[in-house]
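Structure first, then comments.
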């Protein structure tokens, strides 16, 4: 989602035509685009909307499903470089490629009103919805209408440890692992020791060192 005045973020309709369709899954929108289009047309004709959801912001840009800083942004960039008709599996392939290239662990300083964290990290994932990359259940507790963002921090991990974590990340059973930290927040700042890749809903952003994130409760009527 691109920068726009807050007042213009009022109505949106979704037809799932992407690779992972994480946002559609989070909103219980059928993944069959024809079925989703018919339901959307019916709601438009009836003057109804599906639900009201929260919207996240990062450095004055909007996101509906999630933002990522570090490894998952690198995976997203690699996945977008492929032109393979393999659906969600492109993100798994990109994850393997990212691990081969090397896993960076910059120092992150994360602060909010009631939480702080300072140390090297593989990634910081900020979720409004439970899924990223189609098959990764990164934040199983996330609901996009509860006024909260779910922050996941992964400590520095080896390639071998990452391989053992992947099945847990896909099933949503990684919560509670010693090298995974989780917090529910409404606002936070992330400062990196070096310029890092990031993404908003799968759109890779320019390299940055500071990331200011917040949730806008009930900001969007979903048609």
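Read-outs throughout are calculated quantities, based only on the coordinates presented, and are distinct from any laboratory measurement. In this text the structure is predicted, and so the values were computed from the model without any measurement. Cβ placement follows ideal geometry from the backbone for every residue including glycine, while neighbour counts extend to all protein chains displayed.
In summary, the convex hull built on the alpha carbon positions of the stretch 52-174 has an orientation-averaged projected area of 8.4 nm². Spacing of the modelled spin labels on residue 159 and residue 81, each 7 Å from Cα toward Cβ, amounts to 1.6 nm. Available extension along the chain between residue 39 and residue 141 is 34.0 nm, counting 0.36 nm per residue and deducting the alpha carbon span. The candidate values are (1) 47, 41, 33; (2) 52, 47, 32; (3) 53, 41, 31; the one derived from this structure for Cα extents along the principal axes in Å carries the label (3). Sorting the segments 129-140, 53-64, 78-89 by their residues' average number of neighbouring beta-carbon atoms within 10 angstrom, most packed first, yields 129-140, 53-64, 78-89.
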